[in-house]
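Structure first, then comments.
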Amino acid sequence: MNTSIIKFDYNGNVIPFEKGSDVMVNLTAMAKAYPDKNLSTIVNSQEISDYCASLSKLKNFSFADLLIVRKGAPDLGGGTWAHRLVAIRVAQKLNSDLAVWVDMRVDELLKYGMTATQPTLEQMINNPDLVISLATQLKNEREEKQRIETENLYLKEQNEAQRPAVVFTESVKVSNTNILIEDLAKLITQNGYTIGEIRLYNWLVDNGYLIRHKRWSNSRRKYENYYTPTQRAAEMKLFWVSERVISNPGQPQFTKFTCYVTGEGQVYFINKFNKLKVA
């Protein structure tokens with residue numbers, strides 16, 4: 001794994017960072033500006049030890065990944081080095097402003113492989129390829145961000161569009177109210193698919209949900225339609241049929257059937273016609 005040492009100036013104190021697959025920070029250089037703080041005491045404290053143990057357990061780091069001691073002066077790559085997470089914890093013990101500064105540098109290195117400090121700007125001026133690489137990376141990140149924002153906006157609009165139907169569906173599921181076919185036609189129309197009672201009856205017959213029967217009405221002197229569910233619709237519990245025996249003086253007794261749509265049927269047909277609307 002290729003690594004590079006990047007040196008940054010913090011209040012006149014040079015602090016080396018190492019960028020490889022992750023970021024390491026030189027603790028020896030970091031603590032140099034705070035002679036009143038003992039780096040060894042901080043690193044070996046129970047708090048830092050417990051934190052390293054938790055990182056090892058939860059993120060599968062070895063202790064060698066978290067703390068490394070190298071021979072030589074800090075500006076030559078020597079001294080005590082710590083993984084970025086540990087380094088920020090140690091920096092908090094040294095100085096709060098320092099901890100924020102280290103966090104910012106680490107964040108920039110992870111995102112861009114570089115930071116917006118004066119040495120970096122000079123490096124960009126002297127290395128045009130670095131500028132191109134950074135610009136390409138920024139462009140890709142912005143395009144990805146735009147793609148995610150567009151996708152989230154689309155999902156939000158879809159959710160908003162579907163909310164009335166979802167609310168309706170949830171309310172019907174807990175309702176025991178059976179409704180007439182004409183009322184179902186109104187609900188389907190309210191949900192975006194325009195259909196009247198007669199056309200809905202014809203659709204239900206043509207698509208195998210209802211059977212059309214005819215009977216002679218003496219009072220109206222004409223044949224009238226009545227409907228009963230098909231075996232398939234009955235098994236799906238889409239309809240409920242009321243039966244009422246009609247007996248008029250001087251006329252044959254007959255049974256009047258009235259077909260109602262159950263709560264399950266309402267949900268089923270609303271969803272069915274929503275799909276037809278999309279198609």
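The values are calculated or read from the model by the stated rules, or taken from the named source; none is laboratory data. Keep in mind that what you see is a predicted model, and the values were worked out from it rather than measured. As a convention, Cβ positions derive from the backbone with ideal geometry for all residues, glycine included, and neighbour counts pool all protein chains shown.
Scanning the range 203-230 for residues that are among the polar types (S, T, N, Q) and within 18 Å of N274 (Cα to Cα) returns a single hit, N207. Filtered by the rule that a residue be of a type in the set (S, T, Y), closer than 16 Å to C259 by Cβ and part of a helix (DSSP H, G or I), the range 177-203 gives a lone residue, Y201.
The condition of being at pLDDT 85 or above, among the aliphatic types (A, V, I, L, M) and assigned to a helix (DSSP H, G or I) holds for only one of A64, A53, A33, A82, that being A53.
Return the residues of the range 16-30 that are outside any strand (DSSP E or B) and acidic (D, E); say none if nothing qualifies. Residue satisfying the conditions is D22 alone.
Checking each residue of the range 156-172 against the condition of being within 28 Å of the chain's Cα centre (by Cα), within 17 Å of Y260 (Cβ to Cβ), outside any strand (DSSP E or B) and modelled with pLDDT under 75 gives at least one match. So in the range 200-219, with the set limited to residues that are polar (S, T, N, Q) and either within 23 Å of I179 (Cβ to Cβ) or at pLDDT 90 or above (or both), which one is surrounded by the fewest Cβ atoms within 10 Å (Cβ to Cβ)? So, considering only residues that are polar (S, T, N, Q) and either within 23 Å of I179 (Cβ to Cβ) or at pLDDT 90 or above (or both), the one surrounded by the fewest Cβ atoms within 10 Å (Cβ to Cβ) is N207.
Within the set L109, L39, the sole residue that is more than 30 Å from I132 (Cα to Cα), touching a residue at least 12 places away in the same chain (Cβ under 8 Å) and not aromatic (F, W, Y) turns out to be L39.
Take the range 229-274 and flag every residue that is in a loop (DSSP other than H, G, I, E, B) and at pLDDT below 90.
S247, N248, P249, G250, Q251, P252, Q253
Inside the range 1-15, residues that are over 14 Å from G77 (Cα atoms), part of a loop (DSSP other than H, G, I, E, B) and of a type outside the set (A, V, I, L, M) make up a count of 3.
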